[in-house]
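One structure below.
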Amino acid sequence: MSDGSATIGAFRPSAHATLQFIGRGDELKQIESAIRDESRSYIFYITAEGGTGKTRLLREVIRRLQEGEWQFPRLAFTRRLVDLYDLTLHNPEGLAIELVNALDVEPGYFKPFHDRYTELEQARRQQFGGPPETIAKARTELTDTFIHNFNWLADGQRVVVLLDTAEMLLYEPDEVQDLLEAASPPRDRRFWG
């Protein structure tokens, strides 16, 4: 501006994502190898400063899975990143709903979960001003049904869940980690970069 005043939210040049995924071949090989290894489960917890390519790596994994570049028998994976920065995912109900919607599975695979969700919504409409125990029970049943459905899915195939902003698990460790049945990240974490 000619009067010398600053404009709030003015454009600032920033780094742009490249069209091609460059580098990180070792990390991609480790992830692909872990997906192929059906003898055990893996959790990759990638930490680094912002802007170093963590999210871009996860998107590359999704691209390779969706486009069939990585071929695996019996594999279910999230079609999009589940971003834990979203506050609606900071409780078991919200996280379960997002995972069900993001997982690339046959239609109807989570039908029992959808049925429980419908029951929860009905309880919410009917219980306005009523005893909260009914809604609490419906929420617990929803979470239990998700865990049952998810374990049923994992019993028959490999499941790849891609979580972004996973450091948010450190802020909400109890409910979210319990829902995913995940332990705290190991002390020998690999750092990105």
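For the reader, a short list of remarks on this structure follows.
- Failed criterion for N91 (all others in (1) touching a Phe, Trp or Tyr at 6+ places or on another chain (Cβ under 9 Å); (2) touching a residue at least 60 places away in the same chain (Cβ under 8 Å); (3) farther than 25 Å from P73 by Cα; (4) of a type outside the set (F, W, Y) hold): (1)
- Any hit, the range 46-59, residues being in contact (Cβ under 8 Å) with a residue 12 or more places away in the chain, buried (at least 18 other Cβ atoms within 10 Å of the Cβ) and polar (S, T, N, Q): no
- Residue match in the range 57-75 (condition: aromatic (F, W, Y) and out of contact with any Lys or Arg (no Cβ under 7 Å at 6 or more places or on another chain)): no
- Matching helices (runs of 4 or more DSSP H) fully within the range 21-102 where at least 2 residues are more than 30 Å from I135 (Cβ to Cβ), within 13 Å of the chain's Cα centre (by Cα) and of a type outside the set (D, E, K, R): 54-66
- Taking the criterion of being surrounded by 13 or more Cβ atoms within 10 Å (Cβ to Cβ) and among the small types (G, A, S), the only residue of the range 106-126 that qualifies is A123.
We did not get these values from a lab; they are worked out from the coordinates using the rules stated. Everything quoted here is computed from the prediction, not taken from an experiment. As a convention, Cβ positions derive from the backbone with ideal geometry for all residues, glycine included, and neighbour counts pool all protein chains shown.
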